[in-house]
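Only the coordinates and a few stated rules stand behind these numbers; no lab work does. None of the values given here were measured: they were computed from a predicted structure. For neighbour counting, all protein chains shown are included, and Cβ atoms are generated from backbone atoms with ideal geometry for every residue, glycine included.
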Protein chains: 2
Amino acid sequence: MQKAKAAFAATVFLASGALAQTPPAPNGIAFPKDYKDWKVLAVSQRADSNTMRVIVGNDVAVAAARAGKTNPWPEGAVLGKVVWKPAKDPLWAPATVPGDVVHIEFMEKNSKRFAMTGNWGYSRWRGAKLEPHGKDAGFAQECAGCHNAAQSQDFVFTRPAALP
Amino acid sequence: MQKAKAAFAATVFLASGALAQTPPAPNGIAFPKDYKDWKVLAVSQRADSNTMRVIVGNDVAVAAARAGKTNPWPEGAVLGKVVWKPAKDPLWAPATVPGDVVHIEFMEKNSKRFAMTGNWGYSRWRGAKLEPHGKDAGFAQECAGCHNAAQSQDFVFTRPAALP
């Protein structure tokens, strides 16, 4: 009886785990499932891609931001960015609010594992279905290439916003 | 010796506490010091006030948002909104990022205490110095008046953004 119960529980666990699993990025980075519990670092808008964003950080990143020690960011810091298409607020015409999810992306500081891409490991999952971006591990070179524009800020565009 | 140490510690505690204290709003609502640790509900932009915002929630609000139970929001839910003037990103011309803090504002659901303003208690602190907004408790009528436009959403403009 006890054994049957345990077997049943294990089956249910595996089944739901399989359904909920998001595939890793092609460079092996796993999707950080707990990112919704991370804290705010900043927001941004981009006219070139017509998107709005929030940038959150894991505990290491948030501690560094609050201490003003983000150039360089410490090892273990992870920044996450949720990117939305803008939508009109139906209740307040001049306001723009998040619409569909474009993608969610992360950069994590690990100078041993990601020395080839400026000491940062890049990952991105597309849309609400969280489809991994990139055909192979080389996709991260494209990320790193663009982030070269932020070399003066340890390759990170985000500057933590003032939080009073 | 032990006594002197305790007295010294108490003095230091009081002194730093006094310096760090933010005055309450005129309707008695205290500044929620831990809001930086709250989680993201949404972002928004407003063309009418030329501002960009992040909206965060306390644990009650975030649990309600994740469960899709926000109409009405539960008792004890608190939403916080940090409002910035936009600034140009010096490293990426088409991007707009947070500049100076305009204000930070909160609304908390408490149908007993705030029945006069649609069951929500409003508060706002201005600028980086966190100066309480409003000359007397009547200021909240102005907040509630504007929030009437969101009566169909329990007086809350924010709809939680999709977080994949």
Got a sec? How would A:ASP154, B:ASP89, B:ASP34 order by Cβ neighbour count within 10 Å, fewest to most? B:ASP34, A:ASP154, B:ASP89
If we hang a label 7 Å off Cα along the beta carbon direction at A:ARG113, how far is it from the matching labels on the other copies, in nm, shortest first? 4.4
In the stretch B:23-153, lysine pairs closer than 25 Å at Cα, eight or more apart or cross-chain: 29
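Taking the beta-carbon count within 10 Å as an exposure proxy, list B:LEU41, A:LEU91, A:LEU163 from fewest neighbours to most. Please list the in-between numbers first.
On the way: B:LEU41 26, A:LEU91 17, A:LEU163 20.
Taking fewest neighbouring Cβ atoms as first place, the list is A:LEU91, A:LEU163, B:LEU41.
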extent check for the protein assembly as shown: Cα max minus min per principal axis, descending, whole Å, gives 61, 54, 54
Size of the dipole of the protein assembly as shown about the Cα centre, Lys and Arg at +1 and Asp and Glu at -1 on the beta carbon, nothing else charged, in debye to 20? 480 debye
For the stretch B:35-111, projected area of the alpha-carbon convex hull averaged over all directions, nm²: 6.3 nm²
Return the calculated 222 nm mean residue ellipticity for the protein assembly as shown, to the nearest 500 deg cm²/dmol, obtained by summing -39500 (n - 2.57) across DSSP H runs with n ≥ 4 and dividing by the residue count. -7000 deg cm²/dmol
Given Cα pairs under 8 Å that are at least 6 residues apart, what percent is the relative contact order of chain B? 20 percent
Assertion target for B:LYS109, A:LYS135, ordered by fewest C-beta neighbours within 10 angstrom first, is A:LYS135, B:LYS109
Quick check of the Kirkwood formula: for the stretch B:23-153, what is the inverse mean of 1/r over all pairs of different Cα atoms, in Å? 15.6 Å
